[in-house]
1. Calculate the FRET efficiency for K433 and D481 from the Cβ-Cβ distance with a Förster distance of 30 Å, rounded to the nearest 0.05.
2. Round to a whole angstrom and tell me the spacing of the C-alpha centers of the range 375-393 and the range 252-315.
3. What does the C-alpha gyration tensor say about the overall shape of the range 60-202? Classify as rounded when a/c is under 1.5, otherwise prolate if a/b is larger than b/c, or oblate.
4. Would you pull out the residues with amide H under 5 Å of E240's amide H, same chain only if 5 or more places away, H placed 1.01 Å from N?
5. Given axes a ≥ b ≥ c from the Cα gyration tensor, I'd like to know whether the range 281-467 is rounded (a/c under 1.5), prolate (a/b larger than b/c) or oblate.
6. Ratio of alpha-carbon Rg to the 2.2 N^0.38 Å globular estimate for the range 39-131, to two decimals, please.
7. For the range 29-270, calculate the relative contact order in percent as a whole number, restricting contacts to Cα pairs under 8 Å that are 6 or more residues apart.
8. Can you tell me, using C-alpha contacts under 8 Å and at least 6 residues apart, the relative contact order of the chain as a whole percent?
Amino acid sequence: MKSSRTDRKGGPGGIAGIGDLRRPEEECGLFGIYGLSDAATHTALGLHALQHRGQEAAGIVAYDGEQFHSHRALGLVGDNFNAPEVMERLACHVAIGHVRYSTTGETVLRNVQPLFADFKFGGLAVAHNGNLTNAYEIRQRLVQRGCIFQSTSDTEAIIHLIAISEYGRVVDRMTDALSQIQGAYSMVCITQKKLIGLRDSYGVRPLVLGRLGEAWILSSETCALDIIGAEFVRDVEPGEIVVIDDKGLHSIKPFSKSPNRFCIFEYIYFARPDSVMEGRSVYDVRKNIGAELARESHVDADLVVPVPDSGVPAAIGYAQQSGVPFEFGLIRNHYVGRTFIEPTDQIRHLGVRLKHNANAAGLKDKRVVLVDDSIVRGITSLKIVEMVRNAGAKEVHMRISSPPTTHSCFYGIDTPSQDELLAAKFDVEAMAKHIALDSLAFISIDGLYRAFGEKARAADAPQFCDACFSGDYPIPLIDHDKDPVQHQLSLLDERE
Ligand code: AMP
């Protein structure tokens, strides 16, 4: 098997029936600037703040008024955008950037974004976060028409659709292309004249608009506006295309409105806690979930211990609500970039130990409540519980700030195939036994919605996309039923 996830806490895999294909699952960060003399340097800073959204590759494409300049590389932003000769070449007033996370089989330069192409109307660079759910179908149709694909990225299918569109203006060509794709996505693009940002009509993936003086900024998260001192203007709306040029900002809503289904997992795990998404502070939501968890499933204990870093805000909320003292009983090593060096079970288990260690000082003879954001395969929890017990804890309870992850994500968050999800195999009691816990509880789905100030999950019109917990997929999974072997996107095995 060529493609396997290697640096997730969850390990290798991909979406059910598709994970074994050489097809990237994108977890990405986007950034773009129009109208700043040093747009690329600011874009590199923005990407640095979005590094948590993807660590495998980074790229910037900038336009100097005559020519586009591109630098794309495997690895971290800080390692690739620090050389003066690179930044000098990119010094332009318009730029977009991308950080990417994908399967190892796909970690080749040809898939690193932004992708660039020369069209009839001029140059266009595109960076994309999310997953198309009909990419394979579209690709097949395009290949039959004679389109030659250079990558296996979903983004390239969009580029071909733009190229063959019979409309004249670039924005009309884009709208034409978007009307043919299905999926959860945000995009930022630059042409010779414009910076363009857009979100899918359900608004599953994030994109915000900011300003720095006269310049306009687009970013996956507000934390990247903060790093350059830009002010937050608003979220790009679901289904909206914002076009920024020398006349200012122009908004287009070419598609009929779909119900908003922002990804609830951005709040639970994926986004940075200092970001504000759709008007809500990610940190506050996580704390509220922790408080709700304490109300729903209190247990007598001496300490609340977060699984760092992602469990910290929920653990604070849990501790404040329950009155049980909060302690850092686990310490995380921040210099471990990749949890899984090799996709074998043995190394994966070792990987968790590299990342976390029990802080034995305070755990002896204590009844401990561990708080984490999710259980995927259960490997992290299994190891952490063992560590905490070895450090002398008397009882180990676990509280999870998401409902059980029973379904894979097809919309841009990396989850393994359903048969690898612990919660798809076991009920909560069996999971507790498997992880060797004294007790285990997950936030209920309605409790989760209460943490957002909702009364409950509106079953007929849920306020978020929560497919990973409910199996309710708002966007049709068109490629999903295709035969995995035929589904392979490229016959080329390329390494760098
Ligand atoms: P597992 O060890 O497979 O149960 O993974 C659970 C851990 O992975 C939790 O501590 C989460 O913080 C983390 N996690 C959950 N979802 C993801 C994801 N999509 N990518 C990376 N890590 C994740």
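1. That gives a FRET efficiency of 0.30.
2. 22 Å
3. Oblate is the answer for the range 60-202, as a/c is 1.5 or above yet b/c matches or exceeds a/b.
4. When sequence neighbours closer than 5 places are left aside, the close amide H contacts are R199.
5. Here the range 281-467 falls in the oblate category.
6. For the range 39-131, the normalised Cα radius of gyration is 1.02.
7. Averaging sequence separation for qualifying contacts and normalising by length gives 20 percent for the range 29-270.
8. Details: 1223 pairs, mean separation 82.3, N = 496.
Reported as a whole number, the value is 17 percent.
All of the numbers you see were taken from the coordinates with simple rules; none came from a lab. Everything numeric here is computed off the predicted structure, so don't read it as measured data. Note that each Cβ is placed from the backbone with ideal geometry, even for glycine, and that neighbours are counted across all protein chains shown.
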